[in-house]
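Working notes, beginning with the structure itself.
The values are calculated or read from the model by the stated rules, or taken from the named source; none is laboratory data. Given the structure is predicted, the values throughout are model-derived calculations rather than measurements. Because the Cβ atoms are built from the backbone with ideal geometry, glycine has one as well, and the counts that use them run over all protein chains shown. Ligands, DNA and RNA are stripped out before the accessible areas are found, and what is left, the full protein with its side chains, is counted by its heavy atoms. Shrake-Rupley method; radii C 1.70, N 1.55, O 1.52, S 1.80 Å.
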Amino acid sequence: MSGRADLKQRVVTRFQRYVANPLNRRLPFQTLLETTGRVSGEPRRTPVGGRRAGESFWIVSEFGRKSQYVRNIQADPRVRVRVAGRWHHGTAHLLPDDDAVARLRSLPRFNSAAVRAFGTDLLTVRVDLTD
């Protein structure tokens, strides 16, 4: 990652961690991805802008394998997703060969625009829902 992309990631990540995510987690119908912290073992809830399609839930990580929730998925792919106020268990899969830009066209427009604008290393994540 170039120095400029690295700086962009640090700035966006800090804003999300300390401003946007704490506010969004409180919204009752905000879609959340819950992973297990790879070091702490504690639940980590991240607001995401994805979409359910059948028994799968799709998201695109703007910072690829550097995203904290992606690193948690690599350590333990068992996750939960809150969609429309209801929690679903699932198993997350990283799909580096998927066309993340094309995938964003099928996801919520506002979030997809932000991911394209701020992202530096897009990575598709599919969660196979089990309930």
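For the range 66-94: of the residues being open to solvent by less than 40 Å² (accessible area, probe 1.4 Å) and in contact with a Lys or Arg (Cβ under 6 Å, 6 or more places away or on another chain), which is modelled with the lowest pLDDT?
The qualifying residue modelled with the lowest pLDDT is Val83.
So which of Val79, Val60, Val127 ends up being under 11 Å from the mean Cα position of the chain (by Cα), over 26 Å from Val11 (Cα atoms) and assigned to a strand (DSSP E or B)? Reasoning before the result, please.
Working: Val79 fails: under 11 Å from the mean Cα position of the chain (by Cα); Val60 fails: over 26 Å from Val11 (Cα atoms).
When all the criteria are applied, what remains is Val127.
So, of the residues in the range 33-46 that are buried (at least 20 other Cβ atoms within 10 Å of the Cβ) and under 16 Å from Asp128 (Cα atoms), which turns out to be farthest from the chain's Cα centre (by Cα)? Lay out the reasoning, then the answer.
Of the range 33-46, the ones buried (at least 20 other Cβ atoms within 10 Å of the Cβ) are 33, 35, 46.
If we keep only those that are under 16 Å from Asp128 (Cα atoms) too, we end up with 33, 35.
Working: Leu33: 7, Thr35: 10 Å.
The residue in question is Thr35.
Only one of these conditions is not met by Leu107: (1) open to solvent by 50 Å² or more (accessible area, probe 1.4 Å); (2) of a type in the set (A, V, I, L, M); (3) closer than 25 Å to Arg10 by Cα. Which number is it?
(1)
Looking at (1) closer than 24 Å to Ala117 by Cα; (2) touching a strand residue (DSSP E or B) at 6+ places or on another chain (Cβ under 7 Å), which one does Thr35 not meet, given that it meets all the others?
Going through the list (1) closer than 24 Å to Ala117 by Cα; (2) touching a strand residue (DSSP E or B) at 6+ places or on another chain (Cβ under 7 Å), Thr35 breaks only (1).
Which residues, counting only those in the range 47-61, are of a type outside the set (A, V, I, L, M, F, W, C) and open to solvent by 30 Å² or more (accessible area, probe 1.4 Å)?
Here is the first cut: in the range 47-61, the residues of a type outside the set (A, V, I, L, M, F, W, C) are 47, 49-52, 54-56, 61.
Hits for the range 47-61 are Arg51, Arg52, Gly54, Glu55.
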